[in-house]
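In what follows, a structure is listed as structure tokens, so that the remarks can point back to it.
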Amino acid sequence: MNLWIWLILACVLAYAWKLVGYFVPARFLEDPRTSRVAGTMTIGLLASLTVVNAVASGQALATDARLGALAAAAVALALRAPFLVVVIAGAGTAALLRFLGWN
């Protein structure tokens, strides 16, 4: 199939999934368990995306400056640094490691 057909199909499916959400009963959405599960799933998905982007390069594992940047950001988060400091620590660590030749 053509790439454009796959793209249009993905758009239609995403829009259909959004429309299905309007048919969910309100009593189901008001249940505290639903919001707790939705919040937990969001955290898990974001964490897994972060890890995949840090240690994967195509279909292979990669140990490069991204891994050091993730570690520095994790340390900054553990020290309860503000978000901007976490981002700067990660970016600075990645820049330093790349400067030192760890690509």
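The values are calculated or read from the model by the stated rules, or taken from the named source; none is laboratory data. Quick caveat: nothing in here was measured; it's all calculated off a predicted structure. Because the Cβ atoms are built from the backbone with ideal geometry, glycine has one as well, and the counts that use them run over all protein chains shown. We work out accessible area using only protein heavy atoms, side chains counted, and drop any ligands, DNA or RNA first. Shrake-Rupley method; radii C 1.70, N 1.55, O 1.52, S 1.80 Å.
Only helices (runs of 4 or more DSSP H) whose full extent lies in the stretch 1-93 are considered here, and the ones with at least 2 residues that are open to solvent by 100 Å² or more (accessible area, probe 1.4 Å) and closer than 30 Å to residue 103 by Cβ are 32-55. Checked against the criterion of being out of contact with any helix residue (DSSP H, G or I) (no Cβ under 7 Å at 6 or more places or on another chain), at pLDDT below 90 and of a type outside the set (D, E, K, R), the candidates 46, 29 yield just one match: 29.
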